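Here's the structure, in structure tokens; my notes come after.
The values are calculated or read from the model by the stated rules, or taken from the named source; none is laboratory data. Every value quoted in this text rests on a predicted model; they were computed, and no experiment measured them. Methodologically, a virtual Cβ is constructed for each residue, glycine included, from the backbone with ideal geometry; neighbour enumeration extends over all protein chains shown. Heads up: the accessible areas ignore ligands, DNA and RNA and are worked out on the full protein's heavy atoms, side chains in. Shrake-Rupley method; radii C 1.70, N 1.55, O 1.52, S 1.80 Å.
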Amino acid sequence: MLGVSHAMSGAAVGLAVAGFAPRLVGITPTAGTVVTFAAVCAGAALLPDLDHPSSVASRRFSVASWAASHLIRPFSALVYDLTRGRRDTGRGTHRGLTHTLLGAVGLGLAINLASARWGTPVLVGTLFVCLALAIKGLDQLVPGPPSLVIAAGLTLAVEEYVPGGTAGTAGWLGTAVAIGMAVHSVGDAITESGAPLLWPLRIKGRSWYPVGSPRPLRMRTGGAVEARLVVPALTVAVLVLTVVAVPGVDTLLANLHTRVAELIAAG
């Protein structure tokens, strides 16, 4: 799927999870918690493509992205070779380890532990990286200024001006990373190639079985269905969820509507 689809789907799922899941156990999340979680989900939804040298994730941070990609690709290939089934025929360098649910959970757990241990530096760093990825992914929809500059400004704004900041995500922000990566892989599973979501579970003699939707329902990456139906639907979903899931946004919009109405009436 296109980067914009991954980013928007990650944001939508992140808003839903952070906005409503805590309420099931009687906890009201802060605006900062919901925004941080959703933004990290959106950016993490591009992370699995670090195993592709020309992807947004592999090119976003110059040498750092290049190095990460050139470490992940051979490592994924090694894991593929060590765990391949008798009917696996690929190389494992793309849509390999980073496109599995187990890989997503592993990275998410590592970030959870790091954020619980070191707090703000990990939270802010994770938010910045994921915001930069998400914004770059959205360049396909709304091209704009350098995403690193925007990401730095938005990270500062969330930490300093959004109620609650990033603090409420300590110890569980990695869950957003895991969900974002899983959303990416599930999205790939409805394209023509599928994704090895269930590795290392062996299916039909393959440890890297490409899980996917029924063939007639699969769509082409970057095709008309994605551009004309999926992206607009995800955009609407993100806008609606922002209003209903982020505390204070509905009140802010109501006040803005009242103010605009007063200005119109006065004019």
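Inspect the stretch 175-185 for any residue being more than 16 Å from the chain's Cα centre (by Cα), within 21 Å of Val4 (Cβ to Cβ) and modelled with pLDDT under 95 and give the result as yes or no.
Keep residues of the stretch 175-185 that are more than 16 Å from the chain's Cα centre (by Cα), which gives none.
Scanning the stretch 175-185 turns up no residue that is more than 16 Å from the chain's Cα centre (by Cα), within 21 Å of Val4 (Cβ to Cβ) and modelled with pLDDT under 95.
What pairs come out if I take residues in the stretch 44-57 that are under 11 Å from Ile72 (Cβ atoms) and pair them with residues that are surrounded by fewer than 24 Cβ atoms within 10 Å (Cβ to Cβ) and basic (Lys, Arg) whose C-beta lies under 6 Å away, six or more apart or interchain?
Partner pairs satisfying both residue conditions: Asp51/Arg73.
Could you tell me which residue of the stretch 17-62 is nearest to Val244 (Cα to Cα), considering only residues that are part of a helix (DSSP H, G or I) and open to solvent by 40 Å² or more (accessible area, probe 1.4 Å)?
In this case the residue turns out to be Phe20.
Quick test of your reading of the structure: Arg91 fulfils all but one of (1) surrounded by fewer than 23 Cβ atoms within 10 Å (Cβ to Cβ); (2) without any contact (Cβ under 8 Å) to a residue 60 or more places away in the chain; (3) within 27 Å of Thr169 (Cβ to Cβ). Name the failing condition by number.
Just one mismatch for Arg91, condition (3).
All but one of (1) farther than 30 Å from Ile150 by Cα; (2) open to solvent by less than 40 Å² (accessible area, probe 1.4 Å); (3) free of Cβ contacts under 8 Å to residues at least 60 places away in the same chain hold for Asp81, so report the exception by its number.
For Asp81, the failing item is (2).
From the residues in the stretch 125-152 that are open to solvent by less than 40 Å² (accessible area, probe 1.4 Å) and either farther than 15 Å from Leu46 by Cβ or among the charged types (D, E, K, R) (or both), which one is modelled with the lowest pLDDT?
First, pick out the residues of the stretch 125-152 that are open to solvent by less than 40 Å² (accessible area, probe 1.4 Å): 125-127, 130-135, 137, 139, 147, 151.
When the remaining residues are screened for being either farther than 15 Å from Leu46 by Cβ or among the charged types (D, E, K, R) (or both), the result is 125, 139.
Details: Gly125: 95, Asp139: 63.
Taking the candidates together, the pick is Asp139.
Quick one: Trp208 ticks every box in (1) assigned to a loop (DSSP other than H, G, I, E, B); (2) at pLDDT below 85; (3) on the phi < 0 side of the Ramachandran plot except a single one, so which number is it?
Going through the list (1) assigned to a loop (DSSP other than H, G, I, E, B); (2) at pLDDT below 85; (3) on the phi < 0 side of the Ramachandran plot, Trp208 breaks only (2).
For Pro216, are the conditions met, namely being at pLDDT below 90, open to solvent by 60 Å² or more (accessible area, probe 1.4 Å) and of a type outside the set (Lys, Arg)? Write out each step before concluding.
Details: at pLDDT below 90: yes; open to solvent by 60 Å² or more (accessible area, probe 1.4 Å): yes; of a type outside the set (Lys, Arg): yes.
Here the answer is yes, as Pro216 does meet what is asked.
Of the conditions (1) over 22 Å from Ala7 (Cβ atoms); (2) of a type in the set (Ser, Thr, Tyr); (3) in a helix (DSSP H, G or I), Thr93 satisfies every one except a single condition; which number is it?
Single failed check for Thr93: (3).
Contact list please: Cβ distance under 6 Å, first residue in the stretch 194-209 and open to solvent by 10 Å² or more (accessible area, probe 1.4 Å), second residue among the polar types (S, T, N, Q), pairs at least six apart or on different chains.
Final answer for the pair search is Leu197/Ser185; Trp199/Thr100; Trp199/Ser207; Pro200/Thr83; Pro200/Ser207.
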